[in-house]
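**Q** Let me begin by handing over the structure; questions about it come next.
The values are calculated or read from the model by the stated rules, or taken from the named source; none is laboratory data. Since the model is a prediction, treat every value here as computed from it, not as a measurement. Reconstructed Cβ throughout: ideal geometry from the backbone, glycine too, with neighbour counts over all protein chains shown. With ligands, DNA and RNA removed, areas are computed over all heavy atoms of the protein, side chains included. Shrake-Rupley method; radii C 1.70, N 1.55, O 1.52, S 1.80 Å.
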Amino acid sequence: MAEEYLSITGGRPLRGEVTVQGAKNSALPLMAAALLCDGETVLTNVPRLTDVYAASRILNQLGCRSHIEDHTVTVTQKGLTGCEIPDADMRQMRSSVMFLGPLLGRAKRCIMTMPGGCELGPRPIDMHLDAMRQMGAVITEEQGKIICDAGKRLCGTRIPLPFPSVGVTENVLMAAALAEGDTVLTNAAREPEIADLAAFLNACGAEISGAGEGTVYIHGKPGLHGTEYCVMPDRIAAFTWLCAGAATGGTVSVRGASPPDLESSLTVLRAAGCRIGICGDRIFLDGSGALRRVRHIRTMPYPGFPTDAQAPVTAVLALARGTSMIEETIFESRYKHVGELLRMGADIRVSGSAAVITGVPALHGAAVTAPDLRGGAALAVAAAAAEGESRISGLRHIDRGYENFAASFHSLGCEAVRCGLH
Ligand code: UD1
């Protein structure tokens, strides 16, 4: 079977401008949330990604009509015909777990299996299930299927989260929007995508306040209606393009971004010696100065430095003068890109949750494989800076999160071509 690869010929400073896509991590929960709404929901600025197509398929299987045209997803809901998410879809992406809250809210029942997605170490769903239990769902397991049943009603309650999980916060918001009574969620995740989901649900008639802060209040409603909503910009994609500029010593501009959402990531690039300018929805990066080490970066829940930005910044620091240290606190196995970066001449040692990066003067092109979504993006960033040609395979990972990656790199002036392998 033919496998595609991305050919990148690097070694020159990137110069150009790219428009950032809609956020994958917002579009997927919003599509799941459309299940809660009667009538038509129109989502615009949706990135064209394999995970978006998978979410659309799940909606159709549950009895909605979901249609994708260009960057618009239209979901029409006139009553669900099913409450089971097929195993094949659950395995394809982690975000399929986002259907748990909406199905329980709407149908009071959900049958699913363990979700797949990027292999970043164990990714349990215990907190999702616990939160739904606290709202009255009874959860049993039969032959690998997880059966969640709320009987006739789901009840609002006080839910303290043991960790501010993004997915669990989103599931609670969606389930509680149609539950009976009030829900108070404490230690909630504060990622900007949570506020985007709440803004969408409120536009559909929900009553949610505090989203984006540690405590979220949800007053359950008997029903929600569809609306038209524009998905927020993708902060991780924006950061990836900035990293490509930084690693190559280039000058790039990212437009259509939401700069405040990137603050902790921009702080790290500034510390590495890049000059950053912001004007409205544009972020300019001048990476023509020498790259310096960043002593210690710790991935943390928002507003801390995002775990999704860890791999791309590793590629930048691989070329910085001095020794940098990254500590990954969110996921266990999120250094799979490191082995591939070594093939390109990087000097990085991983020990447990820490990566020690000793900058090298230059990287060289190599044949490498994307181990997961952001790890794949990191390889492309490194390849843009490396002397000669790199061939990146495993593009299915990159396609889960970046719409037309090669074209975006092209807009930045990088020689990037998607090729078939026979
Ligand atoms: C979301 C993002 C993902 C990002 C992550 C952390 C989406 C679609 N994905 O993933 O890109 O990397 O936030 O910012 O928005 N955990 C449990 N039990 C659970 C749930 C989570 O132990 O039931 C653990 C996870 O294994 C991980 C940590 O909690 O160690 C954070 O996970 P979480 O915030 O839930 O990430 P996701 O929502 O899966």
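**Q** For the stretch 146-263, what does the accessible surface come to per residue with a 1.4 Å probe? Please give it in Å². The partial results should precede the final answer.
**A** Values: 3810 Å² over 118 residues.
In whole numbers, the stretch 146-263 has 32 Å² accessible per residue.
**Q** Using the Cβ atoms and a cut-off under 11 Å, what net charge is assigned to the surroundings of Arg153, where Lys and Arg are +1 and Asp and Glu are -1? Don't skip to the answer; put the middle values down first.
**A** On the way: positive: Lys108, Lys152; negative: Glu180.
Charge balance near Arg153 sits at +1.
**Q** How would the stretch 24-230 be classified by its alpha-carbon gyration tensor: rounded, prolate or oblate, with rounded meaning a/c under 1.5 and the a/b versus b/c comparison settling the rest? All intermediate terms of the calculation are to be shown ahead of the outcome.
**A** Values: a/c = 1.25, a/b = 1.08, b/c = 1.16.
It is rounded, given that a/c, with a ≥ b ≥ c, falls under 1.5.
**Q** Using a 1.4 Å probe over the heavy atoms of the protein chains, calculate the carbon and sulfur portion of the accessible area of the chain as a whole percent. Before the final figure, lay out the partial values.
**A** On the way: 8080 of 16090 Å².
Here carbon and sulfur together make up 50 percent of the probe-accessible area.
**Q** State, as an integer percentage, the relative contact order of the chain based on alpha-carbon contacts under 8 Å between residues 6 or more apart.
**A** Details: 1088 pairs, mean separation 89.4, N = 422.
Over the chain, the number comes to 21 percent.
**Q** Separate question: Would you please name the trypsin sites (Lys or Arg not before Pro) within the stretch 102-188 that are DSSP coil residues with at most 15 other C-beta atoms within 10 Å of their C-beta? Display every interim value, and only then the final one.
**A** On the way: sites: Arg106, Lys108, Arg109, Arg133, Lys145, Lys152, Arg153, Arg158; in loops: Lys108, Lys152, Arg153.
Hits after loop and neighbour filter: Lys152, Arg153.
**Q** A further question on this structure: Roughly how many Å² is the accessible area per residue of the stretch 352-422, as a whole number, for a 1.4 Å probe?
**A** Details: 2540 Å² over 71 residues.
Per-residue accessible area for the stretch 352-422 comes out at 36 Å².
**Q** Additional query: What is the angle, in °, between the Cα long axis of helix 192-203 and the longest principal axis of the Cα atoms in the chain? Nearest 10 is fine, range 0 to 90.
**A** 30 degrees
**Q** Would the stretch 303-406 count as rounded, prolate or oblate if I go by the C-alpha gyration tensor, calling it rounded below 1.5 in a/c and otherwise prolate when a/b exceeds b/c, oblate otherwise?
**A** Details: a/c = 1.73, a/b = 1.08, b/c = 1.60.
Verdict is oblate for the stretch 303-406.
**Q** Could you give the distance between the Cα centres of the stretch 351-419 and the stretch 18-87, to the whole Å?
**A** Taking the Cα centre of each part, the stretch 351-419 and the stretch 18-87 sit 29 Å apart.
**Q** Here's another thing I want to ask about it. Over the chain, how many pairs of lysines fall under 23 Å by alpha carbon, counting only those 8 or more apart in sequence or from different chains?
**A** Values: Lys24/Lys336; Lys78/Lys108; Lys78/Lys152; Lys78/Lys221; Lys108/Lys145; Lys108/Lys152; Lys108/Lys221; Lys152/Lys221.
Number of lysine pairs found: 8.
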